[in-house]
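Read-outs throughout are calculated quantities, based only on the coordinates presented, and are distinct from any laboratory measurement. Bear in mind the structure is a predicted one, so any value in this text is a computation, not a measurement. Backbone-built Cβ (ideal geometry, glycine too); neighbour counts: all protein chains shown.
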Amino acid sequence: MQFQTREEAQKFLNFYAFVAGFSISIVSTSRTTSKKRDGEVTRVTLKCNKYGHNTEAEREKLIAERQSTVIDKTNCEVKIRIALKDGVWRITNVHLEHNHPLDPGSRFFRSHVYMTA
């Protein structure tokens, strides 16, 4: 798929995540080193918000009986990369296999807070 702007691509991927039942996080961006392009963003990597591992302190904060603000990390391998090529943003890498249950339509994910109906 291709998009005219980075924001358009991120909005589409956030909507996809909402429908599928997970939240996304921007984990890395690559910028140009050229002075002519002035550090322009050329690549963005998005991952499921459950990527990585919890630290020992975060594990202690997880409380099973009630909701917690700490996210239980499961080392989810979901990754979507978008890159700017020839003036168009394209999805260049997709890996969509989750290792945790999904919750389609949930409004409690951080990346979905600003979505409108």
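The table for this structure:
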| quantity | calculated |
| --- | --- |
| Ranked by how many other beta carbons lie within 10 Å on average, peptides 83-89, 93-99 from highest | 83-89, 93-99 |
| Cross-link reach list, lysines versus LYS47, counting only Cα pairs under 27 Å and skipping chain neighbours closer than eight places | LYS11, LYS61, LYS73, LYS79, LYS85 |
| For THR92, distant residues with modelled amide H under 5 Å away | ARG81, ILE82, ALA83 |
| Inter-site label distance for GLU8 and ASP38 at 7 Å from Cα along Cβ, in nm | 2.2 nm |
| Inter-site label distance for PHE15 and GLU77 at 7 Å from Cα along Cβ, in nm | 3.0 nm |
